[in-house]
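Take a look at the structure set out below.
The values are calculated or read from the model by the stated rules, or taken from the named source; none is laboratory data. These numbers come from a predicted model, not from an experiment. Methodologically, a virtual Cβ is constructed for each residue, glycine included, from the backbone with ideal geometry; neighbour enumeration extends over all protein chains shown. All accessible areas refer to the heavy atoms of the entire protein, side chains included, with ligands and DNA or RNA removed. Shrake-Rupley method; radii C 1.70, N 1.55, O 1.52, S 1.80 Å.
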Amino acid sequence: MNLLIDAVSVILLGIIAYQDFKRRSIYWVLIPISLVLFLVKGILFMDVKDFFLFFLSNVAFVVLQLACLLLYFSIKNRKFTNIVDTYMGLGDLLFFIVIAAAFSTVNFILFYTAGLIITLVSFMIFKTINKNAGKEIPLAGAMASLMILCFVFKY
């Protein structure tokens with residue numbers, strides 16, 4: 001059962017990565033399907049109480065970081081600045097909630113931080129090589145690709 005859930009997860013993550021790299025957007029229905037899949041996996045293979053504690057802690061971490069970003073950009077721009085659809089897409093934000101269900105808190109923070117750094121460095125290298133590349137970073141796609149690598153290394 002675990003292998004089946006992981007295989008479906010990899011397929012969904014691959015679709016998310018492809019769409020985000022190709023169109024800089026993802027089909028919205030992939031978000032709830034992926035979330036349900038990771039929630040089911042967590043409930044089946046962990047103590048339910050521990051799983052929801054991890055999940056809520058991870059979501060709280062994302063909310064705290066987004067609140068700090070909102071505050072930073074609002075102070076920088078001297079007015080309230082909605083960071084969603086200005087600095088990051090809604091799909092990216094929702095994808096962070098999805099991956100919050102996939103990791104324990106320590107692993108989530110490590111994956112999240114390393115994923116953001118790897119994505120930023122990769123995009124900077126890509127921009128240096130390809131001068132015609134746009135400004136938008138396919139963050140959800142890059143993070144989905146990194147999650148696929150995590151699944152590959154797991155097996």
Note on segment 7-30: residues within 11 Å of Ala144 (Cβ to Cβ) and open to solvent by less than 90 Å² (accessible area, probe 1.4 Å) are Ser9, Val10, Leu12, Leu13, Gly14, Ile15, Ile16, Ala17, Gln19, Asp20, Ile26, Leu30
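Can you tell me which residue is least open to solvent (accessible area, probe 1.4 Å) among those in segment 97-132 that are outside any helix (DSSP H, G or I) and farther than 17 Å from Ala17 by Cβ?
At the first step, the residues of segment 97-132 found to be outside any helix (DSSP H, G or I) are 101-104, 130-132.
Those still in the list that are farther than 17 Å from Ala17 by Cβ too: 101, 103-104, 130-132.
Details: Ala101: 6, Phe103: 42, Ser104: 35, Asn130: 56, Lys131: 156, Asn132: 146 Å².
Selected residue: Ala101.
Taking Leu70 as the residue in question, decide whether it is open to solvent by 70 Å² or more (accessible area, probe 1.4 Å) and part of a helix (DSSP H, G or I).
Working: open to solvent by 70 Å² or more (accessible area, probe 1.4 Å): no; part of a helix (DSSP H, G or I): yes.
So Leu70 does not fit the description; no.
Within segment 117-149, which residues are touching a helix residue (DSSP H, G or I) at 6+ places or on another chain (Cβ under 8 Å) and free of Cβ contacts under 8 Å to residues at least 40 places away in the same chain? Walk me through it before giving the result.
Of segment 117-149, the ones touching a helix residue (DSSP H, G or I) at 6+ places or on another chain (Cβ under 8 Å) are 118-119, 122-123, 133, 137-148.
The answer is Ile118, Thr119, Ser122, Phe123, Ala133, Ile137, Leu146.
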Scan segment 42-67 residue by residue and report those that are hydrophobic (A, V, I, L, M, F, W, C), within 14 Å of the chain's Cα centre (by Cα) and open to solvent by less than 80 Å² (accessible area, probe 1.4 Å). Phe55, Val59, Phe61, Val62, Leu66
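Has segment 39-58 got at least one residue that is of a type in the set (Val, Ile, Thr) and modelled with pLDDT of 95 or more?
Checked against the condition, which is being of a type in the set (Val, Ile, Thr) and modelled with pLDDT of 95 or more, segment 39-58 yields no hits at all.
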Could you pull out the residue among Leu4, Leu39 that is open to solvent by 60 Å² or more (accessible area, probe 1.4 Å), part of a helix (DSSP H, G or I) and over 18 Å from Gly91 (Cβ atoms)? Leu4
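Give the residues of segment 84-96 that are without any contact (Cβ under 8 Å) to a residue 60 or more places away in the chain and open to solvent by less than 70 Å² (accessible area, probe 1.4 Å), sorted by residue number. It would help to see each step written out before you state the result.
From segment 84-96, those without any contact (Cβ under 8 Å) to a residue 60 or more places away in the chain are 84-88, 90, 92-93, 96; that's our starting set.
The answer is Val84, Met88, Asp92, Leu93, Phe96.
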In segment 44-81, residues that are among the charged types (D, E, K, R) and either under 30 Å from Asp6 (Cβ atoms) or touching a Pro at 6+ places or on another chain (Cβ under 7 Å) (or both) total 3
Kindly establish whether Val40 is β-branched (Val, Ile, Thr) and within 21 Å of Leu149 (Cβ to Cβ). no
